[in-house]
1. Could you grab me the full set of residues in the stretch 378-399 that are out of contact with any helix residue (DSSP H, G or I) (no Cβ under 9 Å at 6 or more places or on another chain) and surrounded by 15 or more Cβ atoms within 10 Å (Cβ to Cβ)?
2. Can you tell me which residue is farthest from residue 236 (Cα to Cα) among those in the stretch 163-178 that are in a helix (DSSP H, G or I) and over 14 Å from the mean Cα position of the chain (by Cα)?
3. Hey, does the stretch 29-42 have a residue that's in a helix (DSSP H, G or I), aromatic (Phe, Trp, Tyr) and farther than 30 Å from residue 95 by Cβ?
4. Just checking, does the stretch 157-166 include any residue being more than 23 Å from residue 198 (Cβ to Cβ), away from the ligand (no atom under 16 Å from the Cβ), in the same structural domain as residue 219 (by TED's automatic domain parsing) and open to solvent by 10 Å² or more (accessible area, probe 1.4 Å)?
5. Look at residue 472 and say whether it is closer than 30 Å to residue 359 by Cα, within 16 Å of the ligand (Cβ to nearest atom), within 18 Å of the chain's Cα centre (by Cα) and not acidic (Asp, Glu).
6. Taking the stretch 323-365 as the search range and keeping residues that are touching a residue at least 60 places away in the same chain (Cβ under 8 Å) and of a type in the set (Gly, Ala, Ser), which one is nearest to residue 92 (Cα to Cα)?
7. Do we have residue 285 as surrounded by fewer than 21 Cβ atoms within 10 Å (Cβ to Cβ) and touching a helix residue (DSSP H, G or I) at 6+ places or on another chain (Cβ under 6 Å) here?
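The values are calculated or read from the model by the stated rules, or taken from the named source; none is laboratory data. The structure displayed is predicted, hence computed values, not measured ones. Note that each Cβ is placed from the backbone with ideal geometry, even for glycine, and that neighbours are counted across all protein chains shown. Side chains included, ligands, DNA and RNA excluded: accessible areas come from the protein's heavy atoms. Shrake-Rupley method; radii C 1.70, N 1.55, O 1.52, S 1.80 Å.
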Amino acid sequence: MSLSKINPKNTEAWKMLIKKREEIAGIQIIDLFDSSKNRIKKFSIEFDKMFLDFSKNIINDETFELLLKLCEDCELKKNIKSLFNGEKINETENRSVLHTALRDFNLNSEIGKELLLDRQKIEKFTNDILSGKTRGSTNKKITDIVNIGIGGSDLGPNMVVESLKFYKTDLNCHFVSNVDGDHLKEVLKLVDPETTVFIIVSKTFTTQETLTNAKKIKEFLISRSIEDISKHFIGVTSNIKSAVKFGLDKNNIFKMYDFVGGRFSVWGSVGLSVSLAVGYENFEKFLKGANKMDEHFKVSNFEKNIPVCLALISIWYNNFMNCETEAVLPYSEYLKFLPHYLQQMFMESNGKCIDRLSEKVDYQTGTIVWGGTGTNSQHAFFQLLHQGTKLIPCDFIGFKSSLHGNHDSHDKLMSNFVAQTQALMVGGSMGDSPFRKFKGNNPSNTILFDKVSPESLGMILSMYEHKVFVQGVILNIFSFDQWGVELGKSLATKLLTEIKSKNILNHDPSTKNLLEKLISK
Ligand code: F6P
């Protein structure tokens with residue numbers, strides 16, 4: 001069964017929410033705490049070692065009830081079942097969407113058995129490299145790994161390796177994604193080819209950037225007289241044939257599946273560099289954290305369901321309050337790549353304008369996601385959050401304890417964390433001048449964990465994945481394809497031929513002019 005095909009604008013809940021928008025326009029969030037005494041209890045969720053406070057939103061009890069009704073009107077429950085049952089909900093590619101299976105340790109099916117073998121292969125490879133059992137072609141112990149991939153084949157592992165740096169093994173981990181020869185050269189300057197393993201990650205094994213970088217590395221290894229190149233190359237792909245043709249040893253290829261999209265793939269073999277960087281045990285804890293959130297999402301009532309509540313809040317601002325963007329603000333430098341990673345997850349998934357009935361939508365779909373770490377961002381773009389003309393809902397993500405136990409700094413970090421959510425909501429003035437007044441009433445969610453750990457990171461990512469899914473279901477779009485990026489790719493291939501042959505064909509005047517400038521260098 002495919003996902004429901006319901007235009008949300010035709011639902012009763014949507015129509016009532018439009019009316020609600022006018023009613024709520026003059027409301028101050030702070031006043032809502034007086035009118036509803038149990039607001040904090042109602043608008044917060046405690047789950048495992050995490051706490052979500054969504055009471056600082058321009059949402060009252062009735063709005064919340066209507067948003068919950070929207071889930072019902074759009075048959076969310078049934079659609080969640082379709083996701084986990086592996087139905088082909090990625091209709092435009094005729095595929096199931098089963099990234100949750102990659103982190104399900106209790107899957108009693110053929111796929112479950114295959115995924116178990118994949119995890120065992122990751123574990124063995126990780127342990128063999130770390131122990132020195134598997135060595136380079138000159139019998140030296142491996143000291144560095146370089147992940148070559150782009151988009152989902154880079155952003156996930158790169159962000160997770162950075163976020164879990166505290167748990168690092170002895171291996172140094174590098175990432176090359178862009179088809180930028182200068183960057184590749186800078187990374188190659190850092191590694192010794194005799195002690196480095198290059199992991200080529202590409203689901204399709206056709207991506208121009210990744211294949212170009214892989215070829216350059218092959219040349220680099222040959223130029224450094226590495227005799228057995230296969231000992232320095234690992235592949236992660238679903239296109240085994242092309243990987244073998246490239247020169248990879250079949251035993252050195254880890255599988256990717258068509259039921260897992262690139263941006264949701266860090267949980268499987270794409271996470272190989274994560275496993276190597278933090279050890280397999282930590283990689284497994286990361287998967288189990290995500291799985292915990294999957295179970296919570298699957299069984300919790302919607303009013304206490306973390307991904308559902310976050311998605312509904314986002315829909316409220318995006319579709320009823322004219323907000324175009326939302327900010328993600330982790331208060332931990334470890335998580336500095338998280339906003340970047342979430343951009344692909346949200347914007348590649350829900351940046352669509354055709355609905356599941358093949359009609360052009362006449363309402364907003366995917367929000368623009370951006371952000372940065374606190375407190376750094378406070379000294380950069382927070383001015384606009386506090387006194388600008390735009391309403392920007394924010395997710396503040398914080399941790400009760402620091403990992404290295406620097407209490408003084410951590411107390412300062414976290415006092416800023418809370419102070420910002422307070423200032424955004426309460427506003428106030430710092431003098432008589434209008435320039436020193438803060439209107440307040442800026443919404444935020446506060447997401448609090450004990451500490452940065454493989455488990456908490458897994459929960460955060462899974463939470464956002466399901467938020468994306470819920471938004472996609474309600475907005476009646478297909479979240480799991482990405483046709484929008486294909487046109488640029490094929491045009492670039494054509495233009496490359498023209499640039500290389502210095503024979504510019506007929507184009508629009510601006511493009512033609514630019515190409516001529518490029519070849520005249
Ligand atoms: O940019 C589009 C995209 O298809 C992403 O969805 C994907 O993560 C990325 O390219 C890389 O693709 P591949 O893993 O096939 O090289």
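1. So in the stretch 378-399, the residues out of contact with any helix residue (DSSP H, G or I) (no Cβ under 9 Å at 6 or more places or on another chain) come out as 379-381, 383-384, 388-389.
The one that is out of contact with any helix residue (DSSP H, G or I) (no Cβ under 9 Å at 6 or more places or on another chain) and surrounded by 15 or more Cβ atoms within 10 Å (Cβ to Cβ): 381.
2. Our first condition is that a residue be in a helix (DSSP H, G or I); within the stretch 163-178, this holds for 163, 165-167.
When the remaining residues are screened for being over 14 Å from the mean Cα position of the chain (by Cα), the result is 165-167.
Working: 165: 23, 166: 26, 167: 23 Å.
Ranking the candidates gives 166 first.
3. Taking the stretch 29-42 and keeping what is in a helix (DSSP H, G or I), we get 29-35, 39-42.
Filter once more, so that each one left must be aromatic (Phe, Trp, Tyr): 33.
In the following step, the residues that additionally are farther than 30 Å from residue 95 by Cβ were identified as 33.
Yes, because at least one residue in the stretch 29-42 is in a helix (DSSP H, G or I), aromatic (Phe, Trp, Tyr) and farther than 30 Å from residue 95 by Cβ.
4. Kept after step one, since they are more than 23 Å from residue 198 (Cβ to Cβ), are these residues of the stretch 157-166: 166.
Those still in the list that are away from the ligand (no atom under 16 Å from the Cβ) too: 166.
Retained after the next criterion (residues that are in the same structural domain as residue 219 (by TED's automatic domain parsing)): 166.
Retained after the next criterion (residues that are open to solvent by 10 Å² or more (accessible area, probe 1.4 Å)): 166.
Yes, the stretch 157-166 has at least one match.
5. Values: closer than 30 Å to residue 359 by Cα: yes; within 16 Å of the ligand (Cβ to nearest atom): yes; within 18 Å of the chain's Cα centre (by Cα): yes; not acidic (Asp, Glu): yes.
So residue 472 fits the description; yes.
6. 349
7. Details: surrounded by fewer than 21 Cβ atoms within 10 Å (Cβ to Cβ): yes; touching a helix residue (DSSP H, G or I) at 6+ places or on another chain (Cβ under 6 Å): yes.
Against the criterion (surrounded by fewer than 21 Cβ atoms within 10 Å (Cβ to Cβ) and touching a helix residue (DSSP H, G or I) at 6+ places or on another chain (Cβ under 6 Å)), residue 285 qualifies.
Residues checked against (1) farther than 23 Å from residue 178 by Cα; (2) crowded, with 16+ Cβ neighbours inside 10 Å; (3) away from the ligand (no atom under 15 Å from the Cβ):
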| position | (1), (2), (3) |
| --- | --- |
| 196 | no, yes, yes |
| 204 | no, no, no |
| 213 | no, yes, no |
| 216 | no, yes, yes |
| 221 | no, yes, yes |
| 235 | no, yes, no |
| 239 | no, yes, no |
